[in-house]
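Participant: My questions will all concern the structure given below.
The values are calculated or read from the model by the stated rules, or taken from the named source; none is laboratory data. Computed from a predicted structure; not experimentally measured. We place every Cβ from the backbone using ideal geometry, glycine too, and count neighbours over all the protein chains shown. These area figures cover heavy atoms from the full protein model, side chains too; ligands, DNA and RNA do not enter into them. Shrake-Rupley method; radii C 1.70, N 1.55, O 1.52, S 1.80 Å.
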Amino acid sequence: MPGIHLFKVAAPSVAKKARPGQFVVVRIDETGERIPLTIADWDEKEGSVTIVFMEVGTTTARLALLGEGDSMANFVGPLGLPTHIERFGTVVCVAGGVGVAPIAPIARELKEAGNKIISILGARSQNLLFWEDKLRSVSDQLIVTTDDGSYGRKGLVTEPLKELLASGEKIAQVVAIGPSIMMKFCAETTQPFGVKTMVSLNSIMVDGTGMCGCCRISVGGLTKFACVDGPDFDGHQVDWDLLIARQRIYLDEEKRSFEQWRGQSGSCA
Amino acid sequence: MAKLDLNRVPMPRQIPKISGKNFNEVALGYSLEQAQEEASRCILCPRRPCVGGCPVEIDIPGFIQAIRDGDMPEAVRILKNKNALPGICGRVCPQETQCEVVCVLDKKGAPIAIGRLERFVADWERANMPSANSSPVSPRPTGKRVAVVGSGPAGLTAAADLAKLGHSVTIFEALHVAGGVLMYGIPEFRLPEEIVQAEVDYVASLGVKIELDSVVGKLMTIDELLGNGYDAVFLGTGAGLPMFMNIPGENLNGIYSANEFLTRVNLMKAYQFSEYDTPVKVGKRVAVIGGGNVAMDSARCALRLGADEVYIVYRRSEAEMSARREEVENAQEEGIQFKLLTNPKQFLGDEQNQVVGMECYEMELGEPDESGRRRPVVKAGSEFVIEVDVVVVALGTTPNPLIAQTTHGLETTRRGTVVADEEVGKTMKGKVWAGGDIVTGAATVISAMGAGKHAAADINKYLGG
């Protein structure tokens, strides 16, 4: 799949403690950055943790070069608070792009807790869709959308979401995970219906344990640290514009670093 | 007897014009001749007040005598008998308020430069004695296991002392290197990474196991450690949570906690960005808010990154600053501008959420407050704006609540510190001790080491040692 990668990482102690909604912080090697990645799955018996990531910059591009049997310098977790799981009733799980990876274990555990799960899986195009079957297997109903109509229904995830909310079926909660802009529009869609909407925020982090405050966001007018107070928050309370602006802090540096890296790795090849 | 020399031998150092442009250590250390000359000033008084002034009770006259005798291995032995981290302490301890302030020479002239001599001995050892030779003989194993949480000064000291007593010790560290604040916080130009690593390696050479990337409270709880064969636990997790001011605009891009700024620069080596992947905003005009050592460190890092102007913004006057005198002078000599009696009211941003300015009040000093320092009071109508593009908030830290939240029976105060016996660090929970910033709130490296030492002695007693 273009630019999207799935790694199964041998990390027995993390696998033993992982819960849906939690994340890990990884660093490739001595010169690498520490970046947070959501836990997509884990297998305690096998001692493995699955991560899924999209190539967006130097770190993820370097990570993508690793293959079977390779190792990374650091893999720290499980971090953050687990997603709150209980029997709510009907829960709509909305996954955008790679958001399907973290949402799959959440949907699974919500299903096991006795909820009816309606999932909406969206991507820009068919070739960016994955884990459709995995999500279907834990959902009572699955709706797939693509922006370009190459597969499933043409359009954005917010369209079927709005129809479900308007259909009269009692929806207890919505869980939306994906790019910030998609989560923002999901929250805006559900707000008029008064349906609680949980989102998982992916701010920039360094340590991931509450030490630096880099990931701070505003929720309900209060400053929170996504790493220790989240990453799950009530989407109706999140200051989305601030989150999105803070995700862009290092845009220039990231671009410079990526161009330099591409130049170097190009000349080596 | 030679005439009393009332002046200390000066420390060779980089000149400020140059030091402000590189991350190499500023103070260069004594040569053997300089160390012996300084050591010869000691009158070896029988009362030995310096030993009482040291939180870890180093036999200071003893190692000074050994330097005079030219018996450096003996100086190392005496120093390391009480202090596993002499290279660190010799550089960052506030000797001027501890061992040196009580030196009898202080009344007549300059006290003996104990810190510089300590540093000299530690540096001599690193250069001249391979670590295997300096490790003491292995003690008889007691069969008892102790978990130490956090590898900062408190944890390293407790671990070293417990290992020397024959206990099997494992340190759990959340970050990818050991050393805690010594690694992520204190910059290279004041405490080189190499020095910290050498002293961490020494602690490991005593048989201490160090588990990195292990966030206790997430990967395992204290109760799980106790249930999995550990006979006692020492908590030395420090004060890692940054405090912010809670004023408008504080979440603008370009505003850092000192923890984040220093972690990016020191631990992640953002000052070598391009070779290392972690970025940091360099800034043309940088304001650092606060008057402690961390504020001085942040300001001097910002300068070295290449900022045109760096300001220390502090709401009281220079006399009330908690930073060491030496660090304030270093900052001033390198060209850091001090904006005193100044306190931010709010931060101003542009449409990209980037900080562009800081509106401040002028302050004046009123009556003393509970800290004994004169209380800063806002001058009405005094608001003015400073143009800035990077701000570092260095107002202190509080303990990370992670362990307290996940440990049954561990009592904490309203400030988030763990309640523990002042002398020996025993907490309200059985088999659990704590020491350093997690108990006192942000303080010094050496006070954390003293706490680690006393807790280790008490843990040893509890384990039947």
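Participant: Which members of the stretch B:249-277 meet the condition of being more than 10 Å from chain A (Cβ to nearest Cβ) and open to solvent by less than 20 Å² (accessible area, probe 1.4 Å)?
Facilitator: B:V265, B:N266
The rows are residues; the columns are (1) out of contact with any strand residue (DSSP E or B) (no Cβ under 8 Å at 6 or more places or on another chain); (2) at pLDDT below 95; (3) open to solvent by less than 60 Å² (accessible area, probe 1.4 Å).
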| residue | (1), (2), (3) |
| --- | --- |
| B:G306 | yes, no, yes |
| B:E309 | no, no, no |
| B:V313 | no, no, yes |
| B:A319 | yes, yes, no |
| B:P344 | no, no, yes |
| B:F347 | no, no, yes |
| B:C360 | no, no, yes |
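Participant: Name the residue, out of A:S125, A:S71, A:S137, that is surrounded by fewer than 21 Cβ atoms within 10 Å (Cβ to Cβ) and within 14 Å of another protein chain (Cβ to nearest Cβ).
Facilitator: The conditions single out A:S71.
Participant: Just checking, how many residues over the stretch A:1-15 are at the interface with chain B (Cβ under 10 Å from one of its Cβ atoms) and part of a loop (DSSP other than H, G, I, E, B)?
Facilitator: Going through the stretch A:1-15 one residue at a time, the tally reaches 1.
Participant: Answer with yes or no whether A:R216 is free of Cβ contacts under 8 Å to residues at least 60 places away in the same chain, facing chain B (nearest Cβ under 10 Å) and surrounded by fewer than 18 Cβ atoms within 10 Å (Cβ to Cβ).
Facilitator: Spelling it out, it is not the case that A:R216 is free of Cβ contacts under 8 Å to residues at least 60 places away in the same chain, facing chain B (nearest Cβ under 10 Å) and surrounded by fewer than 18 Cβ atoms within 10 Å (Cβ to Cβ).
Participant: A follow-up question, please. Got at least one residue in the stretch A:54-67 being assigned by TED's automatic domain parsing to the domain that holds A:A15, under 29 Å from A:V9 (Cα atoms), touching a Lys or Arg at 6+ places or on another chain (Cβ under 9 Å) and surrounded by fewer than 21 Cβ atoms within 10 Å (Cβ to Cβ)?
Facilitator: Yes: the stretch A:54-67 contains one or more residues that are assigned by TED's automatic domain parsing to the domain that holds A:A15, under 29 Å from A:V9 (Cα atoms), touching a Lys or Arg at 6+ places or on another chain (Cβ under 9 Å) and surrounded by fewer than 21 Cβ atoms within 10 Å (Cβ to Cβ).
Participant: While we're on this one: Does the stretch B:178-188 contain any residue that is within 23 Å of A:C227 (Cα to Cα) and more than 23 Å from the chain's Cα centre (by Cα)?
Facilitator: No; the residues of the stretch B:178-188 include none that is within 23 Å of A:C227 (Cα to Cα) and more than 23 Å from the chain's Cα centre (by Cα).
Participant: Only one residue in B:G90, B:G53 is without any contact (Cβ under 8 Å) to a residue 60 or more places away in the chain, at negative phi and in contact with a Lys or Arg (Cβ under 9 Å, 6 or more places away or on another chain), so which one is that?
Facilitator: B:G90
Participant: Select the strands (runs of 3 or more DSSP E) contained entirely in the stretch A:21-108, then report the ones holding at least 3 residues which are within 27 Å of A:G155 (Cα to Cα).
Facilitator: In the stretch A:21-108, A:48-54, A:90-96 are the strands (runs of 3 or more DSSP E) which contain 3 or more residues that are within 27 Å of A:G155 (Cα to Cα).
Participant: Exactly one condition in (1) aliphatic (A, V, I, L, M); (2) farther than 29 Å from B:N266 by Cα; (3) touching a residue at least 24 places away in the same chain (Cβ under 8 Å) is false for B:A159; which is it?
Facilitator: For B:A159, the failing item is (2).
Participant: Another question, then. Out of all the residues in the stretch A:125-135, which are farther than 12 Å from A:A95 by Cα and touching a strand residue (DSSP E or B) at 6+ places or on another chain (Cβ under 9 Å)?
Facilitator: Within the stretch A:125-135, A:S125, A:Q126, A:L128, A:K134 meet the criteria.
Residues checked against (1) farther than 30 Å from B:Y462 by Cα; (2) at the interface with chain A (Cβ under 9 Å from one of its Cβ atoms):
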residue: B:L235; (1), (2): no, no
residue: B:A239; (1), (2): no, no
residue: B:I247; (1), (2): yes, no
residue: B:P279; (1), (2): yes, yes
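Participant: Find the helices (runs of 4 or more DSSP H) located wholly in the stretch B:131-226 whose residues include 3 or more that are open to solvent by 10 Å² or more (accessible area, probe 1.4 Å) and closer than 28 Å to B:P401 by Cβ, and list them.
Facilitator: It comes to B:181-184.
Participant: Tell me, please, whether a residue that is over 17 Å from the mean Cα position of the chain (by Cα), at the interface with chain B (Cβ under 7 Å from one of its Cβ atoms) and buried (at least 21 other Cβ atoms within 10 Å of the Cβ) can be found in the stretch A:221-236.
Facilitator: no
Participant: For the subset of the stretch A:140-151 comprising residues that are outside any strand (DSSP E or B) and in contact (Cβ under 8 Å) with a residue 12 or more places away in the chain, which member is surrounded by the fewest Cβ atoms within 10 Å (Cβ to Cβ)?
Facilitator: Out of the qualifying residues, it is A:D148.
Participant: Quick one: which of A:A18, A:A101, A:A40, A:A95 is in contact (Cβ under 8 Å) with a residue 12 or more places away in the chain, within 11 Å of chain B (Cβ to nearest Cβ) and open to solvent by less than 10 Å² (accessible area, probe 1.4 Å)?
Facilitator: Step by step, each of A:A18, A:A101, A:A40, A:A95 is checked, and only A:A18 is in contact (Cβ under 8 Å) with a residue 12 or more places away in the chain, within 11 Å of chain B (Cβ to nearest Cβ) and open to solvent by less than 10 Å² (accessible area, probe 1.4 Å).
Participant: With respect to A:E33, is the statement that it is in contact with a helix residue (DSSP H, G or I) (Cβ under 6 Å, 6 or more places away or on another chain), within 14 Å of chain B (Cβ to nearest Cβ) and open to solvent by 10 Å² or more (accessible area, probe 1.4 Å) true?
Facilitator: So A:E33 passes the test.
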